[in-house]
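Engineer: Take a look at the following structure, please.
The values are calculated or read from the model by the stated rules, or taken from the named source; none is laboratory data. It should be emphasised that the depicted structure is a prediction, and the values quoted were computed from it without experimental measurement. Glycine also receives a Cβ, built like all others from the backbone with ideal geometry; neighbour counts cover every protein chain displayed. SASA here: full protein model, heavy atoms, side chains in, ligands and nucleic acids out. Shrake-Rupley method; radii C 1.70, N 1.55, O 1.52, S 1.80 Å.
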2 protein chains.
Amino acid sequence: MDKIKRNERLGAMARILTETPNRIHTLGEFCELFGTAKSTISEDIDLISNSFAQFDLGRVETVAGAAGGVRYRAIPSPKRVERVLNGLAQRLKEPGRMLPGGFLYTSDVTAESATAQALGEILAMQYYDKAPNFVLTMETKGIPIALMTARMLDVPLVIARRDSRAYEGSAVKINYIAGGGNERIETMALARRAVSPGQRALIVDDFMKGGGTLQGMVDMMREFQAEVVGVCVMISTSTPKEKRVKGANSLLILDGFDQETGCAIVRPSEKYMN
Amino acid sequence: MDKIKRNERLGAMARILTETPNRIHTLGEFCELFGTAKSTISEDIDLISNSFAQFDLGRVETVAGAAGGVRYRAIPSPKRVERVLNGLAQRLKEPGRMLPGGFLYTSDVTAESATAQALGEILAMQYYDKAPNFVLTMETKGIPIALMTARMLDVPLVIARRDSRAYEGSAVKINYIAGGGNERIETMALARRAVSPGQRALIVDDFMKGGGTLQGMVDMMREFQAEVVGVCVMISTSTPKEKRVKGANSLLILDGFDQETGCAIVRPSEKYMN
């Protein structure tokens with residue numbers, strides 16, 4: 001293969017690395033693709049790494065060792081995180097989002113790929129060192145954010161269902177207490193083959209009020225003898241203060257609704273504010 | 001701002017463009033970011049465009065006119081499409097995926113972000129000229145593929161539910177005939193505010209047997225006075241041959257199961273084979 005010039009390599013390398021977040025590519029892979037020496041590829045990587053750092057576009061890191069190489073991780077700066085969460089809070093404050101029962105209409109926002117991607121980046125970067133084997137969510141609204149978190153971690157997504165369906169095969173079913181306020185028993189099902197004993201789960205959902213659904217997912221992981229390395233949620237309500245699940249990592253806090261305008265009172269969690 | 005060298009710009013530009021598929025960035029945006037003249041940015045774009053073309057990494061295109069600029073579209077080559085679909089078919093042929101009732105276990109595959117991304121690219125590129133305003137799917141398993149299709153088109157995802165939930169606000173409900181074989185009436189609900197009259201919908205789902213659920217989504221769009229520009233599905237069964245929905249674009253075909261091994265007989269649709 002002809003030798004490719006640096007100017008022609010850089011864009012392609014950036015594309016290949018960012019397309020596969022958290023996945024290690026060997027230098028040899030790029031040497032072969034571009035017909036170039038390792039030392040040259042190393043210089044390319046430094047250039048990309050510096051340019052990403054300069055424009056807050058994530059990190060391109062060299063990983064040493066036998067299984068080493070180079071990988072991309074979207075690690076937004078604290079400033080960028082704050083901007084993303086403030087922007088999201090602003091959108092959720094728009095008029096007309098208040099629903100009966102103290103609920104907030106978020107379906108348009110949660111199903112937006114760019115938003116899901118931005119939130120997935122913020123969540124994933126906090127759990128790289130815990131090395132989860134998969135991300136777990138409960139259908140339906142948390143799926144986009146959970147999928148993008150899984151994408152950033154380069155792990156599969158596992159989706160718990162309200163119902164075990166024929167096309168999932170044999171399933172584990174548990175009951176859990178749902179609905180902060182008007183409590184009721186609900187059922188959650190997960191395909192038996194979806195999780196293996198000893199795996200590490202990162203739980204991600206869109207909304208927490210009482211925390212029963214999230215605690216249900218924690219209980220489900222116990223049934224599978226899987227370890228929970230984190231429980232994340234896009235928005236949690238500030239009341240009730242005591243949640244069924246403990247220590248959840250919430251991006252936004254919903255304090256309630258303005259009685260006059262009907263607008264949500266929502267803000268980034270303190271830990272994300274500088 | 002200091003002038004940034006070309007070597008430092010190329011990676012960052014590639015990252016910014018591929019992060020926002022199908023979104024037009026003005027040259028002025030890059031001029032400002034990098035403190036560089038338009039002519040220089042144009043040369044950068046040509047370099048990135050050529051390198052993407054050379055390595056089958058998608059297209060970076062210049063769009064003329066007042067609202068013009070440059071955009072990235074992931075347009076996999078026919079060869080790449082065939083490789084992706086053959087790889088997926090191979091995985092679905094693995095032993096142990098046959099479930100009672102002629103169903104195929106696909107939950108691990110459909111919830112994988114890399115697979116969803118690859119299929120989303122293949123679907124999206126066929127509908128750029130139809131300019132859908134959103135992608136519609138029905139919960140649950142189609143969501144990852146539909147989300148990635150929406151991401152590639154830079155449009156929102158809209159999710160129809162089995163049930164209208166309190167936190168979706170007022171909803172339109174329809175009945176549809178589900179389950180090719182043991183037919184039954186099911187309900188599908190969609191938040192009233194999710195779709196506006198005159199919008200164009202691209203329908204994406206994971207599995208089609210009788211086509212009832214997909215036809216339900218078509219009927220739902222009629223209720224909203226929205227136009228359906230395409231109906232896509234990851235896998236459809238070859239029997240029954242007559243589907244309730246007409247003209248669906250299926251990536252894979254499930255011909256049945258090998259009676260001895262229990263392995264699925266699955267292949268890419270003819271239109272995707274060269």
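Engineer: Among the residues of region B:114-169, count how many are within 9 Å of chain A (Cβ to nearest Cβ), touching a helix residue (DSSP H, G or I) at 6+ places or on another chain (Cβ under 6 Å), not in a helix (DSSP H, G or I) and not hydrophobic (A, V, I, L, M, F, W, C).
Structural biologist: Of the residues in region B:114-169, 1 are within 9 Å of chain A (Cβ to nearest Cβ), touching a helix residue (DSSP H, G or I) at 6+ places or on another chain (Cβ under 6 Å), not in a helix (DSSP H, G or I) and not hydrophobic (A, V, I, L, M, F, W, C).
Engineer: Taking the criterion of being under 18 Å from B:ARG15 (Cα atoms), more than 9 Å from every other protein chain (Cβ to nearest Cβ) and free of Cβ contacts under 8 Å to residues at least 24 places away in the same chain, would at least one residue in region A:11-25 satisfy it?
Structural biologist: no
Engineer: Right, another one. For region B:77-92, which residues satisfy the criterion of being surrounded by fewer than 18 Cβ atoms within 10 Å (Cβ to Cβ) and among the small types (Gly, Ala, Ser)?
Structural biologist: So in region B:77-92, the residues surrounded by fewer than 18 Cβ atoms within 10 Å (Cβ to Cβ) come out as B:77-80, B:82-83, B:86-87, B:90-91.
Selection gives B:SER77, B:GLY87.
Engineer: Right, here's the next one. Filter region A:200-215 down to residues that are under 17 Å from A:THR149 (Cα atoms), within 14 Å of chain B (Cβ to nearest Cβ) and not charged (D, E, K, R), then give me how many there are. Full working, then the answer.
Structural biologist: So in region A:200-215, the residues under 17 Å from A:THR149 (Cα atoms) come out as A:200-207, A:214.
Then drop every residue that is not within 14 Å of chain B (Cβ to nearest Cβ), which leaves A:201-202, A:204-207.
The next check asks that each one be not charged (D, E, K, R); those that pass are A:201-202, A:204, A:207.
Residues meeting the conditions: 4.
Engineer: Filter region B:93-106 for residues that are within 13 Å of another protein chain (Cβ to nearest Cβ) and touching a strand residue (DSSP E or B) at 6+ places or on another chain (Cβ under 6 Å); which is most open to solvent (accessible area, probe 1.4 Å)?
Structural biologist: Restricting attention to region B:93-106, the residues satisfying the condition of being within 13 Å of another protein chain (Cβ to nearest Cβ) are B:94-106.
Still in the running and touching a strand residue (DSSP E or B) at 6+ places or on another chain (Cβ under 6 Å): B:97-98, B:104-105.
Values: B:ARG97: 10, B:MET98: 97, B:LEU104: 4, B:TYR105: 11 Å².
So, considering only residues that are within 13 Å of another protein chain (Cβ to nearest Cβ) and touching a strand residue (DSSP E or B) at 6+ places or on another chain (Cβ under 6 Å), the one most open to solvent (accessible area, probe 1.4 Å) is B:MET98.
Engineer: Answer yes or no as to whether A:LYS141 is on the phi < 0 side of the Ramachandran plot and touching a residue at least 40 places away in the same chain (Cβ under 8 Å). Write out each step before concluding.
Structural biologist: On the way: on the phi < 0 side of the Ramachandran plot: yes; touching a residue at least 40 places away in the same chain (Cβ under 8 Å): yes.
Criteria met by A:LYS141.
Engineer: I'd like the residue in region B:218-257 that is in a loop (DSSP other than H, G, I, E, B) and touching a Lys or Arg at 6+ places or on another chain (Cβ under 9 Å) and, out of all such residues, is surrounded by the most Cβ atoms within 10 Å (Cβ to Cβ).
Structural biologist: Residues of region B:218-257 that are in a loop (DSSP other than H, G, I, E, B), as a first pass: B:224-226, B:238-248.
Within this subset, residues satisfying the condition of being touching a Lys or Arg at 6+ places or on another chain (Cβ under 9 Å) are B:224, B:226, B:239-240, B:243.
Values: B:PHE224: 19, B:ALA226: 23, B:THR239: 12, B:PRO240: 12, B:LYS243: 21.
Residue satisfying both the conditions and the ranking: B:ALA226.
Engineer: Now a separate question. Can we say A:ALA74 is without any contact (Cβ under 8 Å) to a residue 12 or more places away in the chain and either farther than 30 Å from B:ALA171 by Cα or surrounded by fewer than 21 Cβ atoms within 10 Å (Cβ to Cβ) (or both)?
Structural biologist: Values: without any contact (Cβ under 8 Å) to a residue 12 or more places away in the chain: no; either farther than 30 Å from B:ALA171 by Cα or surrounded by fewer than 21 Cβ atoms within 10 Å (Cβ to Cβ) (or both): yes.
Judged against the criteria, A:ALA74 is not a match.
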